[in-house]
1. Pairs under 7 Å by beta carbon, first residue of a type in the set (A, V, I, L, M, F, W, C) in segment 2-16, partner part of a loop (DSSP other than H, G, I, E, B) and near the ligand (Cβ under 10 Å from one of its atoms), six or more apart or different chains?
2. Return only the number of the condition from (1) buried (at least 22 other Cβ atoms within 10 Å of the Cβ); (2) part of a helix (DSSP H, G or I); (3) not polar (S, T, N, Q) that PRO66 does not satisfy.
3. Here is a list: ILE270, ILE303, ILE280. Which entry is β-branched (Val, Ile, Thr), assigned to a helix (DSSP H, G or I) and buried (at least 20 other Cβ atoms within 10 Å of the Cβ)?
4. Determine whether GLN337 is farther than 20 Å from ALA28 by Cα and either acidic (Asp, Glu) or touching a Ser or Thr at 6+ places or on another chain (Cβ under 9 Å) (or both).
5. I'd like the full set of residues that are surrounded by 16 or more Cβ atoms within 10 Å (Cβ to Cβ) and either among the hydroxyl-bearing types (Ser, Thr, Tyr) or at pLDDT 95 or above (or both), limited to segment 73-83.
6. Test GLU40 against the criterion of being buried (at least 17 other Cβ atoms within 10 Å of the Cβ), at pLDDT 95 or above and touching a strand residue (DSSP E or B) at 6+ places or on another chain (Cβ under 7 Å), and give yes or no.
7. Determine whether segment 401-415 contains at least one residue that is within 45 Å of the chain's Cα centre (by Cα) and at pLDDT below 95.
8. Any idea which residue in segment 1-37 is surrounded by the most Cβ atoms within 10 Å (Cβ to Cβ), counting only those that are in a strand (DSSP E or B) and under 15 Å from the mean Cα position of the chain (by Cα)?
Amino acid sequence: MRTRFPPSPTGFLHLGGLRTALFAWLLARKTKGTFTLRIEDTDKTREVAGAAKNIVRTLVWAGLSPDEGVMLDAAGQVTERGEYGPYHQSKRLDVYKKYTDQLLASRHAYHCFCTSERLDQMRKAQEARKQAPMYDRTCLELSEEEVQKRLASGEKHVIRMKVPREETICVTDEIYGPLVFKGHTIDDQVLMKSDGFPTYHLAHVVDDHLMKTDMVNRGEEWLSSLPKHLLLFRAFGWEPPRYAHVPLLLNKDRTKLSKRQNDVAVEDYIRKGYLPEALINFLALLGWNPGTTQELFSLQELIDAFSLDRVHKSGAVLDLEKLDWLQGQWMRKIPVQEFAARIKPLVAEKFPAASTDSKFSERATLIQERITFFPEAPDMLSYFYETPKVSLDLIANSKQKISKEDVPKILSLIQEALSRVSDAAWSLREVTTALESLIATSGMKKGQILWPLRAALTGREYSPGAYEVASLLSKTEVLDRIKKWIV
Ligand code: GLU
């Protein structure tokens, strides 16, 4: 299947755009087809410098590299490759002109000289009559001579499609199912603007035909324009591709996803430290349901499991708690050495000793089970590199039935037990054995020993377990941190 993603370079890639691209990419991969990236830069007034590059980079970050069209070269610069180019619409104006001329010749399109003032007046009058705004076809009445004369005099004009108003257009959308549109409700859409640039409606039809697109995946906001597009395919005598309109992403209150309530740019999520695996997994599950209880999907697993018939018609609410959960899950899946390598520079920036720390990987492993974002690592590992601030209130713990008065006694028992482990034998196994036998002989509960030890070593309410932390600090350091509480 040849699928495509054709963003307009008007800003950052949004979550909804990335999800649409993901669906198109998955369909191409699933069918061993081609995923094409085209840049729809025909609205020069809305174009943002650097946006195209940013969008391509974001797709590559997410793992959705294009096979054809606009892509990054080895040096990370935007280039294009493929036999149906150019893939920037602004470089295809002659193509659109050729096809508009064809529509004019076959009388599927006509010149319109109406000024924007006249169109405004018309629209206001229609609104006053409670009619849907629609071009009143004044220019369709012009004689051929009149049109030629006005064109020859250089009068500003657009080209509109002539919609067969008596027709009914039936189509089956891959997600929305069978749809029926009445011709009389469809406006004579502008195809070519007065500046010689095509509108989206014309340009994507021409391009999707010439670029041999089999399946159009695009946002639901285009659904109401679908009949215009199908009429254009017919006017050209071309077979239309299949269409799958992807439902909207919604805020919690079920309004359309907006900046006011959420971060909408993928860029924001990258900056916050989300893993591409987590964001992709999250977006896939927004509106698509695998039909099983599986929640963690790699791109490869998505390729295998994805199908459009399991995409819901209704909008999907952005559940950021789910995203964070997925982020945590994907953090745990990173191979240990890779995880350690990723966080080492961050930790070393704050604690230079980390850069030559022979125990770094083991210490990193301890936090991999708990971390959500890489930048949390320096703080989560701080007690390995500096003496933590510890309060008596933390060590004493009513839930564990440890009073402040108990603290010196408990910690001196621990001190005694750990002192018996030799320096050379200091390891998780030996530390565990020593503490377990203390628990067994002291008649105290596990928590009454392990809580105060862990608190004294880390100064934190939450951290990896006492055995692990103690074994990854030196024996001297452990005994020093305990000693302070024994008076
Ligand atoms: N340029 C259009 C947009 O950004 C593309 C829609 C489509 O996928 O055809 O919304």
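1. LEU13/PRO7
2. Every condition holds for PRO66 apart from (2).
3. Values: ILE270 fails: buried (at least 20 other Cβ atoms within 10 Å of the Cβ); ILE303 fails: buried (at least 20 other Cβ atoms within 10 Å of the Cβ).
The unique qualifying residue is ILE280.
4. Working: farther than 20 Å from ALA28 by Cα: yes; either acidic (Asp, Glu) or touching a Ser or Thr at 6+ places or on another chain (Cβ under 9 Å) (or both): yes.
Criteria met by GLN337.
5. Initially, segment 73-83 is screened for residues surrounded by 16 or more Cβ atoms within 10 Å (Cβ to Cβ), giving 78, 80, 82.
Once the filter is applied, which keeps residues that are surrounded by 16 or more Cβ atoms within 10 Å (Cβ to Cβ) and either among the hydroxyl-bearing types (Ser, Thr, Tyr) or at pLDDT 95 or above (or both), segment 73-83 yields GLU80, GLY82.
6. Numbers: buried (at least 17 other Cβ atoms within 10 Å of the Cβ): yes; at pLDDT 95 or above: yes; touching a strand residue (DSSP E or B) at 6+ places or on another chain (Cβ under 7 Å): no.
The answer is no for GLU40.
7. no
8. Of segment 1-37, the ones in a strand (DSSP E or B) are 2-5, 14, 34-37.
Still in the running and under 15 Å from the mean Cα position of the chain (by Cα): 5, 14.
Values: PHE5: 27, HIS14: 22.
Going through the qualifying residues, I end up with PHE5.
The values are calculated or read from the model by the stated rules, or taken from the named source; none is laboratory data. Everything numeric here is computed off the predicted structure, so don't read it as measured data. Ideal geometry is used to build each Cβ from the backbone, glycine not excepted, and the neighbour counts take in all protein chains shown.
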